[in-house]
Amino acid sequence: MTDVTVVVGAGSIGQAIARRVSSGAHVVLADLKRESAEAAAGVLEMAGFRTTATVVDVSDRASVRALIALAQGLGPIRSLVQAAGVSPSQAPVATILKVDLYGTAMLLEEFGQVIAEGGNAIVISSQSGYRLPALTAEEVRQLAVTPAEDLLALPVVAGVEDTLHAYQISKRCNSLRVRGEAPKWGRRGARVNAISPGIIVTPLAHDELNGERAAFYRDMLARNPAGRAGTPDEVAALAALIMGPEGGYITGSDILIDGGATANFYFGDTD
């Protein structure tokens with residue numbers, strides 16, 4: 001049967017990764033908005049890919065299970081790209097935690113039970129997770145391995161009150177979840193990793209550069225050692241390395257691709 005790539009979040013980064021890792025595969029594009037999934041499927045169809053567009057709510061386990069059933073009906077799920085999420089300027093605290101933190105953890109739990117041997121997953125996290133103040137060893141362990149249904153009740157999560165903090169802890173959790181899931185995925189002969197992009201030219205980045213924290217993000221971009229924003233294709237190139245045979249020894253890892261923004265945040269202007 002034909003291998004299947006499932007892309008959750010049919011935006012620019014998800015599409016770019018799918019193009020790089022899905023030659024010969026059937027690509028399932030799932031998004032909260034059907035029109036977004038169908039638009040992405042149309043673009044990939046015109047590029048020669050076989051596609052299916054569908055709706056998924058990553059904060060709803062039944063919806064994710066329905067997506068898995070659809071994908072398995074097309075063939076073995078060999079690749080998962082989790083690119084769905086909301087930013088601090090796009091949603092309130094509860095939604096950010098439910099989608100970005102709980103949703104990603106639950107998605108990895110569910111797909112980890114069905115991923116085909118030799119398969120792998122990429123979670124699109126964020127440099128923002130690296131700006132969260134240090135967690136205790138116990139908080140790290142809890143975010144990595146607590147069952148998804150119990151994550152939102154953890155003290156380190158339940159006390160979050162502003163959207164930026166919600167986003168940062170969600171993205172730190174994304175990074176830690178791939179560590180927690182890697183041993184389980186390994187028992188199926190599969191791998192799971194995260195990528196933490198900086199400012200990548202996407203609609204989400206546009207919202208942040210023009211939202212309530214626009215000055216902060218514009219200053220970050222101006223001070224970025226790379227001197228520019230990144231592109232979805234650059235993220236996809238990294239994903240292709242990690243997900244391909246040359247990345248076969250990489251699992252349970254989170255890789256920054258932020259043009260040096262995190263380095264500058266901690267160590268810039270030290271001369």
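A compact table of results
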| read-out | value |
| --- | --- |
| Cβ charges +1 (Lys, Arg) and -1 (Asp, Glu), total dipole of the chain, debye | 560 debye |
| Spread of Cα-to-Cα distances over 5 Å intervals beginning at zero, given as percent, for the range 154-208 | 4, 15, 18, 19, 17, 15, 9, 3 |
| Debye equation applied to the C-alpha atoms of the range 1-60, log10 I(q)/I(0) at 0.15, 0.20, 0.27, 0.30 Å⁻¹ | -0.35, -0.62, -1.09, -1.31 |
| Positive dipole terminus of the range 112-271, leading residue within V235, H165, P133 (C-beta point charges) | V235 |
| Relative contact order (%) - criterion: Cα under 8 Å, at least six apart; region: the range 155-271 | 34 percent |
| Longest to shortest principal axis, alpha-carbon extents of the range 46-191, angstrom | 43, 33, 27 |
| Accessible area of the range 11-59 belonging to carbon and sulfur atoms, whole % at 1.4 Å probe | 49 percent |
| Calculated log₁₀ intensity ratio I(q)/I(0) where the Debye formula runs over C-alpha points of the range 211-271, q = 0.24, 0.29 Å⁻¹ | -1.00, -1.17 |
| Options (1) 57, 39, 35; (2) 80, 76, 35; (3) 47, 42, 39 - which one matches Cα extents along the principal axes in Å as calculated here | (1) |
| Residues A69 and A137, FRET efficiency given R0 of 45 Å [Cβ-Cβ distance, rounded to 0.05] | 0.70 |
| Estimated [θ] at 222 nm from DSSP helical runs (n ≥ 4, -39500 (n - 2.57)) normalised by residues in the chain, nearest 500 | -13000 deg cm²/dmol |
| Cα centroid of the range 1-59 to Cα centroid of the range 233-271, whole Å | 23 Å |
| Percentage relative contact order, the chain, counting C-alpha pairs under 8 Å, at least six apart | 20 percent |
| Max mean-square fluctuation residue, GNM over the chain, Cα-Cα springs under 10 Å, options G244, G112, G180 | G244 |
| Rounded to the nearest 20 debye, dipole of the range 138-271 from Cβ charges on Lys, Arg, Asp, Glu | 560 debye |
| Translational diffusion coefficient (Stokes-Einstein; Kirkwood radius from C-alpha pairs) of the range 106-200 at 25 °C, 0.890 mPa s, in µm²/s | 177 µm²/s |
| Directionally averaged projected area (convex hull, Cα atoms, the range 94-139), nm² | 4.7 nm² |
| With eigenvalues of the C-alpha gyration tensor scaled by 5 and rooted, the range 28-106, Å | 24, 16, 10 |
| Solvent accessible area, Å² - R223, 1.4 Å probe, full protein context | 110 Å² |
| With every protein chain in place, the range 205-258: carbon and sulfur % of accessible area (1.4 Å) | 56 percent |
| √(5λ) per eigenvalue of the Cα gyration tensor, the range 123-271, largest first, Å | 26, 22, 14 |
| Where the range 167-271 is the region considered: accessible area per residue in Å², 1.4 Å probe | 49 Å² |
| The range 1-81 - accessible surface per residue (Å², probe 1.4 Å) | 42 Å² |
| Rounded tilt (10° steps) of 163-186 against the dominant C-alpha axis of the chain | 40 degrees |
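The values are calculated or read from the model by the stated rules, or taken from the named source; none is laboratory data. A quick note: this is a predicted structure, and the numbers were derived from the prediction, not measured. Note that we place each Cβ from the backbone using ideal geometry, even for glycine, and neighbour counts take in every protein chain shown. Remember, those area values only see protein heavy atoms, side chains included, never the ligands or the DNA or RNA. Shrake-Rupley method; radii C 1.70, N 1.55, O 1.52, S 1.80 Å.
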